[in-house]
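Working notes, beginning with the structure itself.
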Ligand code: PLP
């Protein structure tokens, strides 16, 4: 496959943009380096690069593009919003509509505030938890990525761990000391941390279903234990649902049927992003009225944003959720993902390539190993070279995956049986190639 124009553009980009990319996870550093593919157009389940090659896309822009690229309903909503003015700096009725949609789908949120990214949403939930509890520390889980704000960039998953930057430079140790990291799915380790620092823990922060070291389900009872222990020690529970909200069903992980007791796993605060913006920049956070009243202008916790709640992002979000309300939408993504993962598993087996697949409805992760992956250590203990070779073999056959062994594959409403068949054919050749 000729990608000479991409290579040329990468050289140009390196001259002007640090690392040639505007987010480190877009570089190919974790898959052997070289030029990332410069895409020119995206529609439905497909990308076309600047050299004219077509790819079936499973990156979905790291999650937001669940309705496929340039979905007509979402595109129309953005066009109409743009024609009416892109930014007002005043409240709009649209914001109320999206806030109501989120509240109806995620009942733990009485009050919502829109921001511009998942990073901002998470960062603010921590501030609110600290304001509410008058405590400083948080507990997070190894490998969970919560954006790039100082406090959570410690033992963070996909991007940083891929790049081997467990703690970013530029974060004062005084801040890193306010974060305690424990292994995911390990309630005993959480209890030990709470026993030791409980009086100063403002919040326990978790991706209730992990999306950042592959897709990993909480073990039965883990979230129940987490919520019970946090409350026992007077800490709030924050769910980072930036990836998981509206991912598996029309709702969030906290209301997902695959998790047993929704009342017992109800968080105090939730951070959202990605899908709720329909492909435009957005974040949101919310929680009970009492806790959210900490936020300015009602309370002492300050948070603001020039771009927050802009009509284009909000309109795209509403349109995206409207598409997701359609009958059978999630069932179809589930069916196609099951067909794809069954095929991948069979093909890997035939070629003698060890592969563990973690699938939750329309999203899944492929781990090149022969053991289960239930926490970050297990996700790290997988064959990076095999993943890199697989990634490149797929790319060369027109299938676009995230360039990191920690990232998920995302099905969208645009994928079809023929895309899955095409992908499985490519994968069979890719497994054959890497099996040597
Ligand atoms: N939280 C989770 C779980 C994420 O996966 C991400 C991004 O991938 C973020 C927060 C940060 O969101 P954003 O990139 O919109 O700042």
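Read-outs: derived from the displayed coordinates by stated rules, not from any lab. None of the values given here were measured: they were computed from a predicted structure.
Values of log10 I(q)/I(0) for the chain across q = 0.07, 0.11 Å⁻¹ run -0.33, -0.84, by the Debye formula with one identical scatterer at each alpha carbon and no solvent. With contributions of -39500 (n - 2.57) from each DSSP H run of at least four residues, the per-residue ellipticity at 222 nm computed over the chain stands at -11500 deg cm²/dmol.
Taken over the alpha carbons of the stretch 251-321 as equal point scatterers, the Debye sum produces base-10 log I(q)/I(0) values at 0.25, 0.27 Å⁻¹ of -1.10, -1.13.
In the stretch 73-324, the DSSP beta bridges split such that about 45 percent are antiparallel, to the nearest 5.
Using only Cα atoms, tell me the angle between helix 417-435 and the longest principal axis of the chain; keep it within 0 to 90° and round to the nearest 10. Helix 417-435 sits at roughly 80 degrees to that axis.
If one computes P(r) from the Cα atoms of the stretch 310-436, what percent of pairs lie at distances over 20 Å? In whole percent, the long-distance tail amounts to 47. Could you give log10 I(q)/I(0) at q = 0.09, 0.12, 0.13, 0.16 Å⁻¹ for the stretch 73-324, computed by the Debye formula over C-alpha point scatterers of equal weight, without solvent? Computed log10 I(q)/I(0) values: -0.37, -0.66, -0.77, -1.17. Restricting attention to the chain, close to 60% of DSSP beta bridges with both partner residues there are antiparallel. As a ratio to 2.2 N^0.38 Å, the alpha-carbon radius of gyration for the stretch 17-126 is 1.36.
Using every pair of distinct Cα positions in the stretch 376-425, the Kirkwood expression returns a hydrodynamic radius of 12.2 angstrom.
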